[in-house]
């Protein structure tokens, strides 16, 4: 056990989705425990309260390129999302979920409703970099990566540093434990730093109406 959790139980609350995660731990070791980079640096889980916005639109005709979306839900409470999703998925509806931050409660609701592979959440939270010394027990097996339905995109955010910060120091994000790159010119620390962020996207088209239907994106 690490962080007080048994294998696979850290990611979601008790229930069918947590059981599903634990059943996959042997094939995908990244699901067993929180990423070692976060644990090592004492980042709490969850690190902050997630925020969610749901956008919905109704497709007209066979084209899905001209859907007008409206915001139908904005909340920080997973129970609100669960109630909203229970309204059903009518044919032709397109749905976009934008979730900033993660928590076991939100993961349980979203993962259960969309039947998502939990590697989506593990990859998004992953901080540790690949080791030049070979694989670790937290590296996913190649067989577990072939059928994934998501993609992780990295982007950089520029940060303004306080003027009184020393010239020699190392910094990391308090919420994600990701390294903050300090920019220097001729050895002098710049007031601008660069933080690596992640945007992870998942999409599914309705099997009832593959020509249109609705899709979920995160």
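Bear in mind these aren't lab numbers, they're just calculated from the coordinates by the rules spelled out. Quick caveat, the model's predicted, so the values are computed rather than measured. Cβ placement follows ideal geometry from the backbone for every residue including glycine, while neighbour counts extend to all protein chains displayed.
If you take the beta carbon distance between residue 170 and residue 51 as r and set R0 to 35 Å, what does 1/(1 + (r/R0)^6) give as a FRET efficiency, to the nearest 0.05?
After rounding, the FRET efficiency stands at 0.75.
Could you check the spin-label model distance between residue 156 and residue 6? Points 7 Å from the Cα along Cα→Cβ, value in nm.
Label-label distance for residue 156 and residue 6, simple model: 4.5 nm.
For residue 203 and residue 72, compute 0.36 nm times the residue count separating them, minus their Cα-Cα distance, and round to one decimal in nm.
45.3 nm
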